[in-house]
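Here the structure is laid out as structure tokens; the discussion comes afterwards.
The values are calculated or read from the model by the stated rules, or taken from the named source; none is laboratory data. Please read these numbers as outputs of a predicted model, since none were measured by experiment. Cβ placement follows ideal geometry from the backbone for every residue including glycine, while neighbour counts extend to all protein chains displayed. Keep in mind that these areas ignore ligands, DNA and RNA; they rest on the heavy atoms of the full protein, side chains included. Shrake-Rupley method; radii C 1.70, N 1.55, O 1.52, S 1.80 Å.
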Amino acid sequence: MPALRGQCNPHEHQGQAPMFRCAFQTDGSTAHLIQAAIHRRSEARFVPRASRGNHAAMMRPPAEWPPDDPRLTPVLLRKELIAAGYNDRAIKRLVDGGVLDKIKRGAYADAVKRALLDAVGNYALRNRAAVKQAKTGVVLSHVSAVPEYDAPTWGLDLSITHLTRLDGKAGRKEAGIQQHCGTIQPGDVVTRNGVQVMAPARAGLEVTTVTSVEAGLIFVCHLLHHELTTIDELVKRYSSMEHWPNTLHTDIVLRLARPELESVGEVRTFYLCYRHAIPMPEPQYKVRNACGDVVARLDFAWPELGVWLEFDGKVKYEKLLRDGERASDVVVREKERESMIGRLTGWRCLRITWADLEHPERTAARIMAFLAGTDA
């Protein structure tokens, strides 16, 4: 990066925070980023936060992020700003004036763009800052790989950035960063959204070693549902991890994982059945009419018991909304659908919600009673 010489003079815009007008003698990427940030700050009024990474959302296809995605906001390191002609006092003024925002010690980003991010988006940006500050080659791994696949983050600790060293040396944990060491096999590392990250199979297995069974299962099912990996690939990769620590949860996740489980609520419901010794249901059960056509898919079914279960989440109802409809229209249509399924199968329907999942013992007892027909 070329050294830049410039002068930053604070000036006041009426009714706004202090701005900075910079005149550089030499063009440079850092200078352009700062000038663009100043322009955005002067134009900004109210900036809503994006609803990225909502753990209640349906699992979305993990496409590459578009170039204007705020999660791709460039990270500016202190040493880059110093090289561009700013001293620490000028950097502080840029932060105080709302032009830059401090991501972590020694790392900054455009304040207006960062305001668009929610907790998961900020976590992804902090991870990128940690990669840029690393003194050796590293790759995003474990929980830090999850946002790169637009996967749900329910139950995951987003306070720690996980990096795996490419040199195979022992890692350390400090200042919110956990460095891991381990043998990296061919195909373990891919590039997504402009950053190196563990490939889906390895990332899924890694997450199971640092979190609960339930949270690990959610991520692995996300990868399976979007065909980013397969059970066979996971099992094959797991066979070479026999010396990895903390893999007790991994065995359970691999036994339970199903590509048919397509939302966080469905995964948690399936895990609830396992955890509380409820007979395991069939996910995404297809209901056919007299002609053999599929007319409905059920979240879960126990065909031999004549029962099906639907998980009712807010996002599910929002997804079913048609143009010009209200939520009440969806509820009416769902009741008509339930009646149609009941006529075709003769089965009974049980519905549970997010609130029910917060009381697993009580909900498990309710499901068992319903299956036994003693819920009346």
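Please work out which residue is surrounded by the most Cβ atoms within 10 Å (Cβ to Cβ), limiting yourself to the range 183-218 and to residues that are on the phi > 0 side of the Ramachandran plot and touching a residue at least 40 places away in the same chain (Cβ under 8 Å). It comes out as 193.
Given the criteria assigned to a helix (DSSP H, G or I), open to solvent by less than 50 Å² (accessible area, probe 1.4 Å), at pLDDT 95 or above and farther than 19 Å from residue 213 by Cβ, does residue 301 qualify? It is false that residue 301 is assigned to a helix (DSSP H, G or I), open to solvent by less than 50 Å² (accessible area, probe 1.4 Å), at pLDDT 95 or above and farther than 19 Å from residue 213 by Cβ.
Please go through the range 89-116 and give me each residue that is touching a residue at least 40 places away in the same chain (Cβ under 8 Å), over 17 Å from residue 35 (Cα atoms) and assigned to a strand (DSSP E or B), ordered by number. Passing the criteria: only 104. Would you mind stating whether residue 52 is in contact with a helix residue (DSSP H, G or I) (Cβ under 7 Å, 6 or more places away or on another chain), open to solvent by less than 70 Å² (accessible area, probe 1.4 Å), under 26 Å from residue 148 (Cα atoms) and modelled with pLDDT under 50? Yes, satisfied.
Considering 242, 233, 227, the condition of being among the acidic types (Asp, Glu), surrounded by 16 or more Cβ atoms within 10 Å (Cβ to Cβ) and out of contact with any Phe, Trp or Tyr (no Cβ under 6 Å at 6 or more places or on another chain) is satisfied by 233 alone. Taking the range 276-298 as the range and being within 15 Å of residue 260 (Cα to Cα) and either among the aromatic types (Phe, Trp, Tyr) or open to solvent by 60 Å² or more (accessible area, probe 1.4 Å) (or both) as the test, the residues that pass are 280, 282, 285, 286, 297. Suppose the filter is aliphatic (A, V, I, L, M), in contact with an Asp or Glu (Cβ under 7 Å, 6 or more places away or on another chain) and more than 28 Å from residue 216 (Cα to Cα); does residue 111 pass it? For residue 111, the condition - aliphatic (A, V, I, L, M), in contact with an Asp or Glu (Cβ under 7 Å, 6 or more places away or on another chain) and more than 28 Å from residue 216 (Cα to Cα) - is met. Scanning the range 143-178 for residues that are open to solvent by less than 20 Å² (accessible area, probe 1.4 Å), polar (S, T, N, Q) and outside any loop (DSSP other than H, G, I, E, B) yields a total of 3.
Please go through the range 75-101 and pick out each residue that is crowded, with 17+ Cβ neighbours inside 10 Å and within 28 Å of residue 149 (Cβ to Cβ). Lay out the reasoning, then the answer.
Filtering the range 75-101 down to residues crowded, with 17+ Cβ neighbours inside 10 Å leaves 75-76, 80-81, 84-86, 90-91, 93-94, 97-101.
Result: 75, 76, 101.
Annotation note: Cβ proximity below 7 Å between a residue of the range 147-175 that is without any contact (Cβ under 8 Å) to a residue 12 or more places away in the chain and a residue that is surrounded by fewer than 18 Cβ atoms within 10 Å (Cβ to Cβ) and of a type outside the set (Val, Ile, Thr) (sequence gap 6+ or interchain) occurs for 170/181; 171/181. Filtered by the rule that a residue be open to solvent by less than 30 Å² (accessible area, probe 1.4 Å) and hydroxyl-bearing (Ser, Thr, Tyr), the range 121-142 gives 123, 141.
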